[in-house]
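Read the structure below first, then the notes.
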Amino acid sequence: MSLLARRSGPTSTPTPAGSGYSLLDAQLVVTGDLDTVGSLRIDGRLEGNVRRADTVVLGVGATMTGDVHAREVVIGGTITGNVHATERVELQATAIVTGDILTQTILVQEGGVVNGRVLMRPPEGASDTATLHVSDGATSSR
């Protein structure tokens, strides 16, 4: 067999649609809104919104000013803006969020900071809100 023999078929495995991965390097500053159906990792600085993404990772030391709309958001840096995740948000120990978080589930590691509200909604298809009776006579929804 020759070392320069021609291979048949594609040289790499095709990736499914929507599985793209984009990276904003630590030396990069972006001003403007981003929109993707794939995953996005930000290690630099973004001054704008992430209008749509599957997964957004804001790395340790990264900064962002703007809102994030994604399925899942993992924050290790600093964000000034609201976070809207349809499924999950994770705040690492180095995370600082100045804004509101709206999600189904959230994980805040010790040291993670939220300067805003955390609003949680039940997963899709969950039963209607149940009523909880508190011992002092007050009633709250769960």
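Odds and ends about this structure:
- Selection within the range 18-53 - charged (D, E, K, R) and surrounded by 18 or more Cβ atoms within 10 Å (Cβ to Cβ): 43, 45
- Considering only residues in the range 65-100 that are in a strand (DSSP E or B) and acidic (Asp, Glu), the one that is surrounded by the fewest Cβ atoms within 10 Å (Cβ to Cβ) turns out to be 87.
- Among residues of the range 83-97 that are within 14 Å of residue 119 (Cα to Cα) and free of Cβ contacts under 8 Å to residues at least 24 places away in the same chain, those with a Cβ under 6 angstrom from a residue that is in a strand (DSSP E or B) and small (Gly, Ala, Ser), sequence gap 6+ or separate chain, pair up as 85/70.
- Whichever residue in the range 1-52 is under 15 Å from residue 71 (Cα atoms) and part of a loop (DSSP other than H, G, I, E, B) and, among such residues, is modelled with the highest pLDDT: 49
The values are calculated or read from the model by the stated rules, or taken from the named source; none is laboratory data. Since we're looking at a predicted model, the values are computed, not measured. Because the Cβ atoms are built from the backbone with ideal geometry, glycine has one as well, and the counts that use them run over all protein chains shown.
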